[in-house]
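> One structure follows; several queries about it will come next.
The values are calculated or read from the model by the stated rules, or taken from the named source; none is laboratory data. Remember, predicted model here, so these are calculated numbers, not experimental data. Neighbour counts run over all protein chains shown; Cβ positions are idealised from the backbone, glycine included. Ligands, DNA and RNA are stripped out before the accessible areas are found, and what is left, the full protein with its side chains, is counted by its heavy atoms. Shrake-Rupley method; radii C 1.70, N 1.55, O 1.52, S 1.80 Å.
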Amino acid sequence: MNKTAIEKRIFEIISKIIDIEIDKLTINSKRQDYETWDSLATVIIFMRLEEEFGVSFNEEDLKNLDSIQKIYEKIINKIKTL
Amino acid sequence: MLAVLSNINIEPLKMFFKNEKVYFAPYNQIRQEFLNNHSFIHSNDIHKIFIFLDYSKNLVGASLDGKSLDLIQQDYLFIMDLIEEYAKNNTNVLIIINNQFIENNYLVPYYKHYMLHFYNLEKNMNDKLLKLSIENKNIYILDWQKLVKIYGFEKLVNKKYWYIGRIPLTTFAFEIIYKEYCNILKAIKGITKKVCIVDLDNTLWGGVVGDDGIDGILLSEDGMGKAYRDFQKCIKSLKDLGILLAIVSKNNYDIVKECFNNHPMMVLSLDDFIVLKINWNNKVDNIKEIANQLNLGLDSFVFIDDNPFERNLVKEYLPEVNVPEFPADPYMLVDWFYYHIIPIYFPKSIITDEDLEKNKQYKANVKRSELEKEVKDYNKYIAELDIKIKIYKNNINQISRISQLTQKTNQFNLTTKRYTELDIEKIMKEQNGYIYSLEYIDKFGNEGIVGVVIIVKKDDKYYIDTFLLSCRVFGRFVEFNFLKKICIDLRDSGIKELYSHYIPTQKNIIVKDFYTNCGFDTLEEGYFCGKIDDIIEYISKNYIDINAEVVINE
């Protein structure tokens, strides 16, 4: 999976979970921008990302990765080190 | 409105209920919801409750004497009692509960009595639930054990997010729980597909019968041939659910027919299918034709074909038709059938007598009448039925059938005279009359003996004492051709005139004009007479000629 494909998948996953159209999300979208991106959505997003990319996040990641940009970079890094 | 209750954090299910209002009870509030009369589930808005119970968290550190497992069981049985009471008081609320899959957290893995504690725990819980669901019409089971078996524990269970967010299941697990829940609702509401269309080559058997020959296809009692044979058993069993079967296959009909008739390992027969589209036309047109013939919407159809090209074509041009993916590995056909075809397309919670009869009903009459709808020109329809009749005269082997027909035929029966077997035998033996019986065959099959005419001689005059036809076959010009052939036979015996009589009953009004429609003259009301030659001419002129064979065995 190349970088654009990964980015696209992340957008799809987040869009579906927080129920926001994919076009309305940007790489700079942040958790606090969306009411539906609550703590439950956050947990589900990370569960889904783990299942999708075979990577693992810790509890710190769940707190700190609060934008699509950060999530994307973390995943790219984790995949590199796999 | 649906209420969801659980002893885990079940809220990830929310994302699947976007079009439905769902109340998620707070985490682990099952007892409170049932015990508090003012709780949400006691409001009138609630029509469905889904309860998901997971005890994996309680299994950690189970004591050797099994006492901690007993506590789990007590908790479970207590909740079941609450549910039962609620179910009895709220019979209009549908309750769906998962069954239990108990993880084997064995401290002493090879200690038999310890294993027994775990085994008993799971068994007692599931026995209780099953009993509850059998005794209460509004309680249904979501078979979580089955889902764990199909998809595997590791794909469904996620311990990490149990610790992080009290969510012990994967998002995939929530997805399949949701799908299973929908299938159960479909089954309860009786929303099921009606027709299963199958391809033949590499679907019902391995290989291509047109190329590999009947001996060359894979269909046997071992190896992959066995997988196809078992799959045929699965398809055949759909008939027991009242599902209609059809074939759409690009093939040579004669070869396929020979294959079905002569392959020793064939489970299905062509008779199992109510429509056959074995030709070289494109499958989209064939499926459309079947829909018209059966007068069913395209969304009633499931199309099973191994060929992705055909599947995509159907998906693209007939998007309402259900087109499941076909397993890449034919060894998986049976599992695929039970796990991915039955629950999704043919879910049922009960089998009715109507289901059991459906195939039989369609088998003979609907098949013919649906063809009738398709072929607007009735004469063309009759011609396409390819009807053949065989007429027997004084056939002693048919005495009991002939008597039976006189006893039970009410509609197409001109005089409704009932005869015993002895009566029939007497007429045949005493030679003071003739008994003609009619066998009916068309492209859909042989209906057997369905018509009787009894001619009696009285004072040198010949009377039609009885004229009857089973309602399965009349209206297809059979009645006229039957009479014509009898007249020809009588003429050959030197008979010139024929008398007849109509005795009205409550049920035989449809035949009141039968004799005038055959060229008889009315003598007085209900009494008719016709010259044999006139009758033959009248019938030949007015009605289609049907292929008839006369078998005389006096």
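> Of the listed pairs B:LYS137/B:LYS193; B:LYS179/B:LYS283; B:LYS388/B:LYS417; B:LYS443/B:LYS541; B:LYS484/B:LYS541; B:LYS461/B:LYS507, which have alpha-carbon separations greater than 19 Å here?
Flagged as over cut-off: B:LYS137/B:LYS193; B:LYS179/B:LYS283; B:LYS388/B:LYS417; B:LYS443/B:LYS541; B:LYS461/B:LYS507.
> Would you calculate the separation in nanometres between label points at B:ASN44 and B:ASN281, each defined as 7 Å from the Cα along the Cα-to-beta-carbon direction?
Those two pseudo-labels are separated by 5.5 nm.
> Charges at C-beta only: +1 for Lys and Arg, -1 for Asp and Glu. How large is the resulting dipole of chain B about its Cα centre, in Debye rounded to 20?
I would put it at about 1180 debye.
> How high is the FRET efficiency from B:LYS507 to B:LYS461, r the C-beta distance, R0 45 Å, rounded to 0.05?
About 0.95, to the nearest 0.05.
> Set the Förster distance to 30 Å, then compute FRET efficiency between A:THR36 and B:ILE150 from the Cβ-Cβ distance, nearest 0.05.
The formula returns an efficiency of 0.40 here.
> How big is the Cα convex hull of the protein assembly as shown in projection, averaged over all directions, in nm²?
So the mean shadow area of the Cα hull is 40.7 nm².
> Let me ask something additional. In square angstrom and rounded to 100, what buried accessible area do you get between chains A and B, total over both, with the probe at 1.4 Å?
1300 Å²
> Next question, about the same structure. What lysines sit close enough to A:LYS63 to cross-link, taking a C-alpha to C-alpha distance under 18 Å and skipping anything fewer than 8 places away on the same chain?
Cα-Cα hits under 18 Å: A:LYS30, A:LYS74, A:LYS78, B:LYS160.
> Projected onto the charge dipole of chain B (+1 at Lys/Arg Cβ, -1 at Asp/Glu Cβ, origin at the Cα centre), which of B:LEU35, B:SER237, B:VAL209 gives the Cα projection farthest towards the positive end?
Of the candidates, B:LEU35 comes out farthest on the positive side.
> Can you pull the percent of Cα pairs in segment B:212-298 with separation above 15 Å?
64 percent
> Hey, what do the phi angles of segment B:184-198 turn into as Karplus ³J(HN,Hα) couplings, whole Hz, using 6.51/-1.76/1.60 and θ = phi - 60°, x for Gly and Pro?
Couplings: 5, 4, 4, 4, 5, 7, x, 8, 9, 6, 9, 10, 10, 9, 10 Hz.
> Next up: Under a plain spin-label model, where a point goes 7 Å from the Cα along Cα-to-Cβ, how far apart in nm are B:ASP335 and B:LYS236?
Spacing of the two 7 Å Cα→Cβ label points: 2.4 nm.
> For segment B:154-201, state which residues have at least 30 Å² less accessible area in the presence of all protein chains than in their chain by itself, taking the probe as 1.4 Å and leaving out ligands, DNA and RNA.
Buried on complex formation: B:LYS160, B:TYR161, B:ILE164, B:ILE167, B:THR171.
> Taking a probe of 1.4 angstrom, what is the accessible area of B:ARG491 in Å², to the nearest 10?
100 Å²
> Still on this structure, please answer the following. Using a simple charge model, +1 on the beta-carbon of Lys and Arg, -1 on the beta-carbon of Asp and Glu, nothing else, what dipole does the protein assembly as shown show about its Cα centre, in debye to the nearest 20?
820 debye
> Could you tell me which residue out of B:LEU333, B:THR352, B:GLY475 lies farthest along the dipole of the protein assembly as shown toward its positive end? Charges go on the beta carbon: Lys and Arg +1, Asp and Glu -1, centred on the Cα centre.
B:THR352
> Further, regarding this structure: With θ set to phi - 60°, apply the Karplus curve 6.51 cos²θ - 1.76 cosθ + 1.60 along segment B:316-332 and write out the HN-Hα couplings as whole Hz, x wherever there is a Gly or Pro.
Calculated HN-Hα couplings, in order: 6, 8, 10, x, 6, 5, 7, 10, x, 4, 9, x, 5, 10, x, 5, 8 Hz.
> May I ask for the net charge around A:ASN64, where only other residues with Cβ less than 13 Å from the Cβ of A:ASN64 are counted and Lys, Arg are +1 while Asp, Glu are -1?
Charge balance near A:ASN64 sits at 0.
> Roughly how crowded by other chains is peptide A:56-66, in terms of the mean Cβ count from those chains within 10 Å of each of its Cβ atoms?
That works out to 1 on average.
> A further question follows. Percent relative contact order of segment A:3-80, based on C-alpha pairs within less than 8 angstrom and at least six residues apart?
37 percent
> If you take the charge dipole of segment A:3-80 about its Cα centre, with +1 on Lys and Arg Cβ and -1 on Asp and Glu Cβ, which of A:ILE44, A:ILE68, A:ALA5 is farthest toward its positive end?
A:ALA5
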